[in-house]
Amino acid sequence: MAALSQASAAALARLRAFKPPPSQYTQLPLTRRASVLILLFADRRGDLRVILTIRSAKLRNYAGQAALPGGKADTEAETAWMTARREAEEEIGLPSNDEQLPSGYTVEKLTELPANLAMTELGVMPCVAWLRSLSKDADIAKDLLPRLDAREVAAVFTAPFEQFLKQRDDVDVEGEWYRGAWHSWYHEPWRMHMFHVPVTPRTVFRSQEVENTRLDAATAPCSPESKAPVLLADRAAQAYGKPVPGSNGPEKVDKSLAQKDALDMPRYRVFGMTARILVDAARVAYGRDPEFEHNSHFGDEEMIAKLMKMGRLKPKKEKGEILTRDVMEAAANIELSSEEKGKL
């Protein structure tokens, strides 16, 4: 393994030392629990990179989006860490049992971050881990990603972890790195981040099942050229019966993109909750705020507690039940007891 840079070593130390506050995660019904794995490893320069996926075009929810490996909990006894490891094994082939890892590899759990509230009304717990290799010539794609579940994952790619704190990148790849905007999804202004990660053949590992991996560059959310609405705030605005912020009606799709595969584009778009989680994780790791505007708090533990107190986030989601702005504003006005606040 390449020697860690000073910044990378310090980042891992900060993550190990981070003590997450008490979480509402285990108070949620099983059907509302999910977790994701922020899996870090060192590149040949000793800088940290993070592993992401492109969701299959065949999935019902978030098809074609960039995401962290993860999913919903299976049993009450399954911790967020166990869920994240199990899902990573199913999606990208990372063994959930360390004894099954290739020789020379270890996975160290570093910390957990406060739970996030997904638009689908799940509490999503980010689990941060460090993938270490004793070999300086280790090839993660070859050694650890021999198979992808094409039903769920079209591709795996990697991104520079510290870059999620920066306004611009300096790589010689066409396109911008960051774009952000303030929206009103919650009861307060909400910063939506959109990153465009440069990729190369060395940083992308594609599924071999072509029918589940080809993504239309004109519409796939991971494509920087896509004209499809991608921000969570856009979907929320539509749910409120309001126009999408900044929208003057449907955009025209560039017909020249219709025959292009989004996975052949030089950059992949990362946005929504995944982008927010990566920003927050990088804030903890590198001990500084991003160069762009952002929400100061981490996760949504308080909002999750208030929604549960008002009777939301029940085991079974009612038909047509969505998190509208009115619901979020009503939850924001709920007073938590000192005991309930002590659990945050």
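Every number in this text was worked out from the coordinates using simple rules, so none of it is lab data. This structure is a prediction, so every number in the text was calculated from the model and none was measured. So basically every Cβ, Gly included, is an ideal-geometry build from the backbone, and we count neighbours across all protein chains shown.
DSSP finds beta bridges in segment 1-133, and of those with both partners inside it, around 70 percent are antiparallel. Loop-resident trypsin sites (Lys or Arg not before Pro) (DSSP state other than H, G, I, E or B) in segment 48-85 with no more than 10 further Cβ atoms inside 10 Å of their Cβ: Arg60. Phi angles of segment 24-36 translate, via the Karplus equation with coefficients 6.51, -1.76, 1.60 and θ = phi - 60°, into HN-Hα couplings of 7, 3, 6, 7, 6, x, 3, 5, 9, 9, 8, 8, 10 Hz per residue; Gly and Pro are given as x. Taking other residues whose beta carbon is less than 13 angstrom from the beta carbon of His187, and scoring Lys, Arg as +1 and Asp, Glu as -1, yields -3.
The trypsin sites (Lys or Arg not before Pro) of segment 271-344 that meet both conditions, a loop assignment by DSSP and at most 13 other Cβ atoms within 10 Å of the site Cβ, are Arg288, Lys316, Lys319. To the nearest 0.05, what FRET efficiency results for Glu291 and Arg325 with a Förster distance of 22 Å applied to their C-beta separation? Once rounded, the FRET efficiency stands at 0.15.
Among Ile92, Ile322, a tally of other beta-carbon atoms within 10 Å of each Cβ gives an order, fewest to most, of Ile322, Ile92.
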